[in-house]
Amino acid sequence: MKWGPARDYWTEFVFEAYVNHRQDMIFLTGLPDVPESRPHSRVNS
C-alpha cells in the first residue's frame, strides 16, 4: 500500500470501500483496481 498510481489512490480506496467500523477496526470491501466492487465508488452511484 506504499505506492499507488496517484497521490490519493489509497485514501480514495478507503473512502469508497468503507462498510462499517468498530472502536478498534475499520471494515472495507472490494478490490482496489475494480471500482465496481467498492460500495461507494462513482460507478455505483
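For the reader, a short list of remarks on this structure follows.
- Here the Debye sum runs over all C-alpha atoms of the chain as equal scatterers in vacuum, and log10 of I(q)/I(0) at q = 0.15, 0.18, 0.34 Å⁻¹ comes out as -0.37, -0.53, -1.21.
- Rounded to the nearest 20 debye, the dipole magnitude of the chain is 60 debye, with +1 charges on Lys and Arg beta carbons, -1 on Asp and Glu beta carbons, and the Cα centre as origin.
- The relative contact order of the chain comes to 28 percent, based on Cα pairs under 8 Å that sit 6 or more residues apart.
- Under 5 Å, built H, 5+ apart or other chain: amide partners of ARG38: LEU31
Bear in mind these aren't lab numbers, they're just calculated from the coordinates by the rules spelled out. Computed from a prediction, not measured in an experiment: that's the story for all the values here. Please note: Cβ atoms are built from the backbone with ideal geometry, for glycine as well, and neighbour counts cover all protein chains shown.
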